[in-house]
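Notes to accompany the following structure.
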Amino acid sequence: MPVSSSMRYSPNRVPDSALDRVLLNRVIIMFRIFIRFLMALALVLGTWNPSGYSYIHWLQQSLPDFTAPLAFAGVVLLIGWVMFLHATLESLGFLGILLAAAFFGTLTWLFFDQGWITAKNDVVTWVSLTVLAAILTVGMAWSHIWRRMSGQVEIDEDPHRR
């Protein structure tokens with residue numbers, strides 16, 4: 001059967017069927033998770049990385065002088081860490097974080113064991129930092145992932161409300 005012009009993919013085409021809307025929704029969710037990963041990676045690598053260009057390196061080179069830009073960047077990073085860690089702890093809990101670390105840790109081990117990545121130079125450090133960003137991403141996106149897997153919606157409960 002020939003493909004009509006209305007069935008061909010076009011980035012400007014408006015979804016016209018339920019399947020199109022479902023696929024578009026999944027693409028949007030995956031894009032949002034990817035954005036969360038990029039934000040987590042920026043937070044982790046911006047705090048410290050082995051290249052020498054990070055907040056910790058900047059702080060070490062500036063001491064004993066503590067400037068306003070250094071303080072502001074530190075506060076921004078602190079806010080980011082508090083947001084990511086709080087969301088991860090709330091959504092995954094301690095056991096969930098351990099399971100995520102075990103998952104990504106064994107996945108990393110598999111990559112090294114299969115020879116897909118090698119332990120040269122700072123590769124292990126970069127992979128570890130990326131794994132930390134991945135765990136933070138899972139924590140930030142867990143409610144979306146859980147809803148997709150189970151069909152159940154997570155709702156935060158107020159612990160002070162009875």
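The values are calculated or read from the model by the stated rules, or taken from the named source; none is laboratory data. Only a predicted model underlies this, so the values are computations on that prediction, with no experimental measurement involved. Cβ placement follows ideal geometry from the backbone for every residue including glycine, while neighbour counts extend to all protein chains displayed.
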Next on the checklist: Give me the residue from region 117-143 that is in a helix (DSSP H, G or I) and of a type in the set (S, T, N, Q) and, out of that set, surrounded by the fewest Cβ atoms within 10 Å (Cβ to Cβ).
Outcome noted: Thr125
Checklist entry - Could you list, in sequence order, the residues of region 45-91 that are out of contact with any helix residue (DSSP H, G or I) (no Cβ under 8 Å at 6 or more places or on another chain) and among the aromatic types (Phe, Trp, Tyr)? => result Tyr53, Phe66, Phe72
Checklist outcome for this item: Filtering region 37-53 for residues that are surrounded by 17 or more Cβ atoms within 10 Å (Cβ to Cβ) and more than 19 Å from Met83 (Cβ to Cβ) leaves a count of 1
Checklist entry - Looking at Ile56, Ile33, Ile97, Ile79, which is the one that is loosely packed, with under 12 Cβ neighbours inside 10 Å and of a type in the set (Val, Ile, Thr)? => result Ile79
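Any residue that is over 22 Å from Arg147 (Cα atoms), over 21 Å from the mean Cα position of the chain (by Cα) and modelled with pLDDT of 95 or more - is there at least one of those in region 87-106? Can you show your working first?
Just the residues of region 87-106 that are over 22 Å from Arg147 (Cα atoms), to begin with: 102, 105-106.
Then drop every residue that is not over 21 Å from the mean Cα position of the chain (by Cα), which leaves none.
No, region 87-106 contains no residue that is over 22 Å from Arg147 (Cα atoms), over 21 Å from the mean Cα position of the chain (by Cα) and modelled with pLDDT of 95 or more.
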Checklist entry - Is it fair to say Phe72 is within 22 Å of Trp146 (Cα to Cα) and modelled with pLDDT of 95 or more? => result no
Checklist outcome for this item: Of the residues in region 100-116, those that are among the aromatic types (Phe, Trp, Tyr) and surrounded by fewer than 11 Cβ atoms within 10 Å (Cβ to Cβ) come to Trp109, Trp116
